[in-house]
Amino acid sequence: MAFSWWFSRLRSSSRTIFTHFRSSQFQNYTTPSTAVSEVISSKGKNPFLWWSSYLVPISAASLLIQFQSNPSFSDSFDTDSRGVGIGGKGSTEFVVKGSHRSVPQELINDLKAICGNDFFYGILLFEFLKVKQVSSLLEATLCSNLVIGLENMSMDYEERSVHGKPQNSFHKAVNIPDIVIFPRSEQEVSLIVKSCNKHKVPIVPYGGATSIEGHTLSPHGGVCIDLSQMKSVKALHVRDMDVVVEPGIGWMELNEYLEPYGLFFPLDPGPGATIGGMCATRCSGSLAVRYGTMRENVINLKVVLANGDVVKTGNRARKSAAGYDLTRLVIGSEGTLGVITEVTLRLQKIPQYSVVARCNFPSIKDAADVAIATMMSGIQVSRVELMDEVQVKAINIANGSNLPETPTLLFEFVGTEAYSREQTRLVQKIASEHNGSDFIFAEEPEAKKELWKMRKEALWACFAMEPEYEAMISDVCVPLSQLAELISKSKEVLDASPLICAVVAHAGDGNFHTLILFDPNNEEHRKEAERLNHFMVQAALSMEGTCTGEHGVGTGKMKYLEQELGIENLRTMKSIKAALDPNNIMNPGKLIPPHVCF
């Protein structure tokens, strides 16, 4: 009866698991998981893990589910065994190619043992306690643990396909991950990475999947480490204004947790972004003009290196001159140096008062000039966001609104009530000197939310214009004094294109995006989108700017790095990568262009 109850629980818990169960055979294993047992015996600290590693051969025959026997899954992709890469200097490739080899069965056994520690230990207890007439409550607890153990690893095609195709990115790869694994602890991540390194199998860390430059693609197959189960708040130090979190927690979830304490984390990238991914891409957002980027808001990290070692990059002091700044080295490394397992973040007090303002302009240059003049005046704005007339039109279509379809600036001012209102009046005066009109501001929460909504929904509003299209999103950033010229030059080219192109900008720090809509099935569309993106990158680089202000490199921006940084810089980066990851298993094919050699 107990077994039948467990089986029905398992069957209802996961469609994917049950699919494997129906088509599988029971299997005995004759050798223990060597990588797992080596690590655990050397530590000698966790008898649960030690037992679980040896339970694979002795008790798997009774309940272990055999996953699909072929570990190499590239079913609908044409793998390129030559290992051709993408992203080198002058590359125009669209699909990321890569070599692929089958994942060794020994590694699969290792990963089953690692992710199913509670599962296999539960089997032993379950078999033992069943004879002793265990209570129904304890029986239910044990059976629940069995189901959880099964769900921490997947070789299901649909699961792997989702993890291999970024939802908000036009980038694609010829392969998808062979295995998706969901670790629950830093120790499990360390064991997973150690085992993958032993077998020289690629690893791709996976967070909220909101990145748009192909960071989470798996062009070489391998193991995708999804950190979504590691999302706890480990410690909050209210008086120090910092918090220690696991990488899978989202910034929006974190701010909900912090609100009762009067604190918040000030970075606001796209909804769904997780703290680990935000560290990996060195992201920012609309509040960066006041609070800085991820680089300025992370105090320390814990990182699992390619050999499985866990490194803590510093303590909680607000400043330190002790040794190399490993925290800043890992931030922006995009998973190529290690897997982030813990983050200590700097927090801010929730502002006492805020005002949101909107102003329209006859030209985008006028709007950009006001953003520059505002920053030059010393006014401490917390946000300065710019939208062109195409973006405002998209918002009208998406929301059924009737906003003036002209270039628009949005501001936010924070502080005391008197200070916020004073800053608002000063900016209104600056705007009037640059042909600004229809200057309105809101102080009530709902009114502020409604004003700010138009910027937050920019991307989705654009898709309302062409629902079947994809978006190529530029991310250039220039010194603030160059912003007006760059946007003006870009708008001339964008307006002459047959594609729909909308401009949005974090105008206070010189960072602007163009949302270029194109038909993914139309090769001419794709080439035109790439031409426009290339033009803006080249224009930004000519002004001592960057090809990516906040989205990161991934696979999409590698081809511009030598021009921006120089070959010596890239060789130094590759030297660091080779020293920390000699087997090149950590997110290979990303960040460092393939043509760079020592």
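The values are calculated or read from the model by the stated rules, or taken from the named source; none is laboratory data. Being a predicted model, the structure only gives us computed values, none of them experimental. Neighbour counts run over all protein chains shown; Cβ positions are idealised from the backbone, glycine included. The accessibility values were calculated without ligands, DNA or RNA, using every heavy atom of the protein model including side chains. Shrake-Rupley method; radii C 1.70, N 1.55, O 1.52, S 1.80 Å.
Quick notes
- Selected residue (criterion: most open to solvent (accessible area, probe 1.4 Å)) from residues of the stretch 549-574 that are under 27 Å from C224 (Cβ atoms) and aliphatic (A, V, I, L, M): M573
- Note on the stretch 169-187: among residues that are outside any loop (DSSP other than H, G, I, E, B) and within 18 Å of the chain's Cα centre (by Cα), the one that is nearest to G308 (Cα to Cα) is I181.
- Hey, K491 farther than 26 Å from S169 by Cβ and crowded, with 17+ Cβ neighbours inside 10 Å or not: no
- Hits in the stretch 347-365 (condition: under 29 Å from the mean Cα position of the chain (by Cα) and either open to solvent by less than 40 Å² (accessible area, probe 1.4 Å) or more than 28 Å from E256 (Cβ to Cβ) (or both)): L347, V356
- The strands (runs of 3 or more DSSP E) found wholly in the stretch 218-310 and carrying at least 2 residues that are of a type in the set (V, I, T) and at pLDDT 95 or above occupy 223-226, 242-245, 298-304.
- Test for E450: is it open to solvent by 60 Å² or more (accessible area, probe 1.4 Å), farther than 20 Å from M375 by Cα and under 28 Å from the mean Cα position of the chain (by Cα): yes
Yes/no per residue for (1) modelled with pLDDT of 95 or more; (2) assigned by the TED database to the domain that holds A529; (3) surrounded by fewer than 17 Cβ atoms within 10 Å (Cβ to Cβ):
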| site | (1), (2), (3) |
| --- | --- |
| C115 | no, no, no |
| D118 | no, no, no |
| L138 | no, no, yes |
| E186 | yes, no, no |
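- Candidate set: the stretch 549-565, residues that are assigned to a helix (DSSP H, G or I) and over 11 Å from I592 (Cβ atoms); chosen: the one farthest from the chain's Cα centre (by Cα): Q563
- Screening S488 on (1) in contact with a helix residue (DSSP H, G or I) (Cβ under 8 Å, 6 or more places away or on another chain); (2) of a type in the set (G, A, S); (3) more than 17 Å from I372 (Cα to Cα); (4) not in a strand (DSSP E or B) shows it passes everything except condition (3).
- Check on D438, closer than 30 Å to M465 by Cα, touching a Lys or Arg at 6+ places or on another chain (Cβ under 9 Å) and assigned by the TED database to the domain that holds K456: yes
- Scanning the stretch 188-209 for residues being outside any loop (DSSP other than H, G, I, E, B) and either surrounded by 24 or more Cβ atoms within 10 Å (Cβ to Cβ) or of a type in the set (V, I, T) (or both) gives a total of 10.
- Verdict on V493 being part of a helix (DSSP H, G or I) and either among the β-branched types (V, I, T) or closer than 30 Å to A306 by Cβ (or both): yes
- Only one of the listed residues (A373, A368) is surrounded by fewer than 17 Cβ atoms within 10 Å (Cβ to Cβ), under 16 Å from V289 (Cα atoms) and modelled with pLDDT of 95 or more. That residue is A373.
- Residue within the stretch 430-440 that is closer than 19 Å to R383 by Cβ and open to solvent by 60 Å² or more (accessible area, probe 1.4 Å) present: yes
- Cβ-Cβ under 7 Å pairs, at least 6 apart or on other chains, the stretch 531-544 side outside the structural domain of F512 (by the TED database), far side part of a helix (DSSP H, G or I) and of a type in the set (K, R): none
Residues checked against (1) surrounded by 22 or more Cβ atoms within 10 Å (Cβ to Cβ); (2) modelled with pLDDT under 95:
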| site | (1), (2) |
| --- | --- |
| D388 | yes, no |
| K393 | no, no |
| E405 | no, no |
| F413 | yes, no |
| P467 | no, yes |
| V476 | yes, no |
| L486 | yes, no |
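- Selection count where residues are assigned to a loop (DSSP other than H, G, I, E, B) and closer than 16 Å to V503 by Cα, scope the stretch 346-373: 3
- For the stretch 575-598, the tally of residues that are closer than 21 Å to D309 by Cβ, of a type outside the set (A, V, I, L, M, F, W, C), open to solvent by 10 Å² or more (accessible area, probe 1.4 Å) and over 18 Å from the mean Cα position of the chain (by Cα) stands at 5.
- When the test is whether a residue is surrounded by 20 or more Cβ atoms within 10 Å (Cβ to Cβ) and in the same structural domain as R421 (by the TED database), A306 does not pass it.
Conditions (1) surrounded by 24 or more Cβ atoms within 10 Å (Cβ to Cβ); (2) touching a residue at least 12 places away in the same chain (Cβ under 8 Å); (3) among the charged types (D, E, K, R), marked per residue:
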| residue | (1), (2), (3) |
| --- | --- |
| S211 | yes, yes, no |
| G214 | yes, yes, no |
| S218 | yes, yes, no |
| V223 | yes, yes, no |
| L227 | yes, yes, no |
| S232 | no, yes, no |
| A235 | no, no, no |
| V238 | no, yes, no |
| V244 | no, yes, no |
